[in-house]
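Read-outs: derived from the displayed coordinates by stated rules, not from any lab. Since we're looking at a predicted model, the values are computed, not measured. For neighbour counting, all protein chains shown are included, and Cβ atoms are generated from backbone atoms with ideal geometry for every residue, glycine included.
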Amino acid sequence: MKKIQMVDLKSQYDFIKEEVADQMAQVLETSSFVNGPMVQAFQQDLEAYLNVKHVIPCANGTDALQIALMGLQLEPGDEVITSDFTFAATVEVISLLKLKPVLVDVDPQTFNIDPKAIEKAITLKTKAIIPVHLFGQCAAMDSILEISKKYQLAVVEDNAQGIGATHTFADGTKAKTGTMGHVSATSFFPSKNLGAYGDGGALFTNDDELAHFIRGIVNHGMYTRYYHDVVGVNSRLDALQAAVLKVKLQYLDFYNERRKEAASRYNEYFNNHEQLVLPFRAMGCDSHVFHQYTLRVLHADRDALVQHLNQHQIPCGVYYPVPLHAQKAYLDPNVDPAAFPVTNQLVKEVISLPMHSELTTDQIEYIATTLLQFFN
Ligand SMILES: *Cc1c(COP(=O)(O)O)cnc(C)c1O
């Protein structure tokens with residue numbers, strides 16, 4: 001059996017080697033390393049795939065989130081509501097821009113931001129909500145968009161883990177994650193569902209004016225060469241990464257299907273185990289692309305299970321071990337830790353198993369049976 005990894009980028013690369021080499025050679029031949037035709041081609045392919053008017057490439061997912069907030073032209077002190085249970089980048093950019101992060105609790109089944117908690121946290125200073133499609137599952141967008149309309153708040157989707165997922169609205173219409181809010185941010189970090197061979201990111205929006213504004217922000221606030229209208233940043237996707245992404249985008253649906261298959265296989269082993277809670281799919285198969293396959297371990301020592309797996313050469317992850325409200329950098333004396341009962345519980349129970357498009361059935365069997373042995 002092949003060595004088990006959380007993500008197996010080498011095996012994935014072996015399947016697409018020639019295509020990647022060919023696209024990369026094109027970049028080298030044209031020697032257009034930043035922006036240029038390859039970045040534009042990838043951008044257009046992604047716009048078509050997502051059915052969104054504008055994809056604006058940038059350097060990484062954290063930049064994309066920061067630039068999305070800059071695009072909304074918020075004032076220092078404005079409040080931005082986001083999830084207590086996410087990667088730190090989501091809240092980091094809020095603080096960096098001198099906005100006020102307002103963390104709220106999540107839903108115990110989906111691990112995604114709880115719309116009821118959002119509504120409770122809204123004040124006169126609230127300007128935006130950042131739902132995160134955590135672990136690849138679309139957040140409760142019907143309710144979130146309804147709240148945003150009711151209170152006139154911007155919605156910035158953090159789609160770093162959700163690319164390729166499709167949301168079905170209550171009325172039956174469908175949309176890809178990242179295309180429902182006012183603007184969204186995604187990451188092409190190598191381990192993400194659509195990953196480059198280095199850093200990369202992008203923003204998506206259907207708003208022409210906002211897209212124009214953001215295209216200037218990523219380029220030093222420049223709309224006419226050497227005329228700087230706003231304070232911007234330098235955040236670019238390089239062309240070699242775009243070449244990789246252009247190849248891999250063609251396989252994104254295939255990769256995501258493989259992840260869903262692996263998740264279903266895991267489920268078969270863990271079904272009915274009274275100490276394991278399986279990942280919950282709130283809105284059918286298309287709404288979850290399994291960036292992570294995350295179990296809740298009940299009434300057991302989760303960290304001992306991590307050790308047990310590691311001893312059997314099975315890597316695993318704890319995403320995330322500390323709620324954001326309890327992180328040193330984001331401690332707020334006015335915030336009561338008891339206001340996050342779900343996150344406080346999840347951080348003790350969650351474990352993410354190896355998940356990628358190249359997992360084999362014998363690897364899954366070995367992982368699952370080894371995990372189950374822990375409880376015997
Ligand atoms: C990966 C990730 C980011 C940051 O992306 P980078 O490209 O690493 O900067 C932001 N939010 C979430 C939820 C992520 O998983």
Quiz prompt | Expected-Rg normalisation [2.2 N^0.38 Å, Cα atoms] applied to the stretch 252-373 | solution = 1.16
Quiz item: Which whole-number percent is the relative contact order of the chain (Cα, under 8 Å, 6+ apart)?
Solution: 22
Practice problem: For Lys176, enumerate residues with amide H under 5 Å from its amide H, sequence gap 5+ or separate chain, H modeled in the peptide plane. | Solution: His167
Practice problem: Only bridges with both residues in the chain count here: give the DSSP antiparallel percent, nearest 5. | Solution: 60
Practice problem: Return the whole-Å distance between the Cα centroid of the stretch 218-255 and the Cα centroid of the stretch 120-165. | Solution: 24
Practice problem: Could you go through the stretch 230-243 in sequence order and give the Karplus-derived ³J(HN,Hα) for each residue, using 6.51 cos²θ - 1.76 cosθ + 1.60 with θ = phi - 60°, rounded to whole Hz, and x for Gly and Pro? | Solution: 9, 7, x, 9, 10, 9, 10, 8, 7, 5, 5, 5, 4, 4
Practice problem: Please tell me the relative contact order of the stretch 100-170 in percent, rounded to the nearest whole number, where contacts are Cα pairs under 8 Å and at least six residues apart. | Solution: 30
Practice problem: Using 0.36 nm per residue of separation minus the Cα-Cα distance, give me the extension gain between Asp22 and Ser95 in nm, one decimal. | Solution: 22.1 nm
Quiz item: Taking 1 over the mean of 1/r across every pair of different Cα atoms in the chain, what Kirkwood radius in Å do you get?
Solution: 21.4
Quiz item: Contour minus end-to-end for Lys149 and Lys3, with contour as 0.36 nm per residue of separation and end-to-end as the Cα-Cα distance?
Solution: 47.6 nm
Practice problem: Could you check which residue among His220, His299, His182 shows the biggest mean-square fluctuation in a GNM of the chain with a 10 Å Cα cutoff? | Solution: His299
Exercise. Tell me what the chain gives for mean residue ellipticity at 222 nm when only DSSP H runs of n ≥ 4 count, each as -39,500 (n - 2.57), the sum divided by the residue total, rounded to 500 deg cm²/dmol.
Key: -12000 deg cm²/dmol
Exercise. Would you grab the residues whose amide H sits under 5 Å from the one on Val102? Only those 5+ places off in sequence or on another chain, please, with H modelled 1.01 Å from N.
Key: Val80, Ile81, Thr82
Quiz item: In which sequence would Thr370, Thr82, Thr110, Thr177 go, from the one with the fewest C-beta neighbours within 10 Å to the one with the most?
Solution: Thr370, Thr110, Thr82, Thr177
Practice problem: Apply the Karplus parameterisation 6.51 cos²θ - 1.76 cosθ + 1.60, with θ equal to phi minus 60°, to every residue of the stretch 62-78 and state each ³J(HN,Hα) to the nearest whole Hz, in sequence, with x for glycine and proline. | Solution: 5, 4, 4, 5, 4, 5, 4, 5, 4, x, 7, 6, 7, 9, x, x, 4
Quiz item: What is the mean projected area of the alpha carbon convex hull for the stretch 24-69, to one decimal in square nanometres?
Solution: 3.8
Quiz item: Quick one: Karplus J couplings for the stretch 153-166, per residue in order, coefficients 6.51, -1.76, 1.60, θ = phi - 60°, nearest Hz, x for Gly and Pro?
Solution: 10, 7, 10, 10, 7, 8, 9, 4, 10, x, 5, x, 6, 10
Practice problem: Arrange Val277, Val91 by Cβ neighbour counts within 10 Å, fewest through most, would you? | Solution: Val277, Val91
Practice problem: Would you work out the relative contact order for the stretch 252-373, in percent, from Cα pairs under 8 angstrom that are 6 or more residues apart? | Solution: 37
Quiz item: For the stretch 319-376 and the stretch 47-111, what is the separation of their Cα centres, given in Å?
Solution: 22
